[in-house]
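The values are calculated or read from the model by the stated rules, or taken from the named source; none is laboratory data. Remember, predicted model here, so these are calculated numbers, not experimental data. With ideal geometry, Cβ positions are generated from the backbone for all residues, glycine too; neighbour counts draw on all protein chains shown.
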């Protein structure tokens, strides 16, 4: 049968006890004195983390308070404004058939230039203009003598 | 090309029996009239009333041709005629018909004759019934419109005699392609320019064939007034137009106006300056500088440039400039330190300047780096600064003489599946837009950065790996880009960045946005997530955002729920008891319905959570203290390190390390010294 506790040990010394030992939980945070308008952080009992403006851009994998307007990555979401919404709709212009190394506008049409494939977009299809010019690298418009 | 066909032998017959008679030296009703002579003629002395009197040649057979099919655009029938008195004028109408007798309406264009010999003509662009001509160029199987042709005339009115001395046809062809097999009467005009189009004509039968080639160019050369002692200059004004010029690493350069015809663009005239435009020049990179078109070789050396405003006549080639044993990767026009236009080129180790047309020197700029085969793929001058890709996702900005790194690889970089090399870069409005080729096994993406901002936003990311984005082009609100073997486009306004204000702006059907890992300010302290709230716009049952989360590890995402109303949808719960986390990551997945201009908008999202540290105990005890205990308490309260405390009074029980937080007491002296009752407040300072 356990005996009645009449002492505690503190720092290696047995100390006679008067009455019972009172236990309590120490609050982790000191009481706050608010001398300004309360903010979201003062809202109890839960804490709040808000993301709104993400115009800071992507490339932040770990959050920090000073980078609260950043995100990690986005796909088809426009983050360049204060609000976020879907990114632009992507349209495929027919089937060009080669890796376009250069795209340029000429004679009122969009031209795509790839390996042995130079074509102009008519608005509904690619009109082939040349098929024997290999490994193109650059294209430019030049205004000059025409003949 | 015109083909003149005159009678070569007996070709006529009088279809007006008794009306037409031979005259002069004619041996038959109608004979060869090959020269422009009126010495022999056909004569009808009684052309009268309104009765048409017609006459036709024999058929001119297709056998006079030996060539491939072509197109006859028109037939012109000519005649020389006159009448013998000037009473009531007779008229003549020239006509043609095929072998079947079908002919043009006779009265379509009567012309008054005079008493003097004169030439009359009539142009026909279609045969009777509106059929095009196939005379002479197709097998004789075309039926109605025949393959053999007759020329003739109709005269009427007047009680006078009518003379006709010559009748011939000029057939105007397009796209003729024939082989000369017999001697023909060809008079080729002299050419002042080299034309590389071989034109060879032939006929089996000698006929009057007079081809001519006319060039449509207009050259106006004006010699300025010569002042004594001053050499004159030549100002040349020419027809101007826009050329598309394309360069290649292995095929030199080509030019075109409209894509229907192509020619070599740049030439190396050095080997034979007297023969310009004879040797195509190699080169991969193009730039317009000082009103000339310039071409840079793909590596080592070679610089070629045109005349001012003229890429046709002459080119100058510098075979050993710039002399740099490295691959050249781009060329563009920027500004030098004096804010004057300067020509720059890129290599795998930096950006160089080119001082050309007079000095022909080159050198490095402030933008240089260690050799990197992924670097230097694009450079540009935009809004007052130079930009050059420096390898991987790096971009250098040269502002004055200050070089800054601004690429998407700054901060924490890009996710692994988005890593790659920047292959193209353009300026749109105030945005720098770059294409990142994710290479094998990765996705590619297009990103943009405001020139006054610090970081990058994703414009587009490929749905699949191995579909590299290779090129960018922007025109009038649309961004075009090459992806895989396709060209794609998306709306990218330069004037209205806030796309949700554009009612016609079409959006993708779905997307994903991944937030950073969130630790709160209390890292390594347990936290519990309770709810996720959001402020939204335009959300419906079809335009919504699904939210996902994951905790501590990069595991699969857990669906938290959906926001589908606006402006304040019901908060999403992380379970009634909450979800404990050390770090938590959120992902939003917006989606729309079938209307491409509808989209859900997220104004903000708020995570409600608790920081829940481990328990820190405190105790309050009353000690009946004698002088030894008082001494021990005095020692303990002064201790710097924590004190072991056994609240159970059993040293084999739980121990806590504490600090004395308070020591109010009452004591007095006795015969045994100081004694009293001490109230001792103890507290842990950290978790057990």
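A few remarks follow.
- Meets criteria (surrounded by fewer than 17 Cβ atoms within 10 Å (Cβ to Cβ) and assigned to a strand (DSSP E or B)) for residue B:404: yes
- Any pair with Cβ under 9 angstrom, 6 or more apart, that starts in region B:306-329 at a residue that is at positive phi and ends at one that is surrounded by 14 or more Cβ atoms within 10 Å (Cβ to Cβ) and at pLDDT below 90: B:309/A:145; B:309/B:238
Each row is one residue, and each column tells you yes or no for (1) touching a residue at least 60 places away in the same chain (Cβ under 8 Å); (2) crowded, with 21+ Cβ neighbours inside 10 Å; (3) more than 26 Å from residue A:140 (Cβ to Cβ).
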residue	(1), (2), (3)
B:388	no, yes, no
B:409	no, no, yes
B:418	no, yes, yes
B:424	no, yes, no
B:427	no, no, no
B:447	no, yes, no
B:472	no, yes, no
B:499	no, no, yes
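- Some residue of region B:310-319 being at pLDDT 95 or above and within 26 Å of residue A:105 (Cβ to Cβ): no
- Residue among B:630, B:621, B:615 that is in contact (Cβ under 8 Å) with a residue 40 or more places away in the chain, buried (at least 17 other Cβ atoms within 10 Å of the Cβ) and not in a strand (DSSP E or B): B:630
- Of all residues in region B:633-665, those satisfying the criterion of being assigned to a strand (DSSP E or B) and either at positive phi or within 7 Å of chain A (Cβ to nearest Cβ) (or both) are B:643, B:644, B:645, B:646.
Every residue, every condition in (1) outside any strand (DSSP E or B); (2) farther than 30 Å from residue B:379 by Cβ; (3) modelled with pLDDT of 95 or more; (4) more than 7 Å from every other protein chain (Cβ to nearest Cβ), yes or no:
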position: B:472; (1), (2), (3), (4): no, no, yes, yes
position: B:487; (1), (2), (3), (4): no, no, yes, no
position: B:500; (1), (2), (3), (4): yes, yes, no, no
position: B:504; (1), (2), (3), (4): yes, yes, no, yes
position: B:522; (1), (2), (3), (4): yes, yes, no, yes
position: B:529; (1), (2), (3), (4): no, yes, yes, yes
position: B:535; (1), (2), (3), (4): no, yes, yes, yes
position: B:539; (1), (2), (3), (4): yes, yes, yes, yes
position: B:553; (1), (2), (3), (4): yes, yes, no, yes
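- Whichever residue in region B:663-672 is surrounded by 13 or more Cβ atoms within 10 Å (Cβ to Cβ) and over 16 Å from residue A:19 (Cα atoms) and, among such residues, is farthest from the chain's Cα centre (by Cα): B:667
- Here residue B:584 fulfils each of the conditions (1) over 22 Å from residue A:69 (Cα atoms); (2) in contact (Cβ under 8 Å) with a residue 40 or more places away in the chain; (3) more than 43 Å from the chain's Cα centre (by Cα) apart from (1).
- Among the criteria (1) under 15 Å from residue B:256 (Cβ atoms); (2) more than 7 Å from chain B (Cβ to nearest Cβ), the one residue A:94 does not fulfil is (1).
- Residues of region B:583-611 satisfying the condition of being more than 7 Å from every other protein chain (Cβ to nearest Cβ), within 18 Å of residue B:532 (Cβ to Cβ) and in a loop (DSSP other than H, G, I, E, B): B:583
- Listing of strands (runs of 3 or more DSSP E) fully contained in region B:194-301 that carry 2 or more residues being modelled with pLDDT under 50: B:219-223, B:234-238
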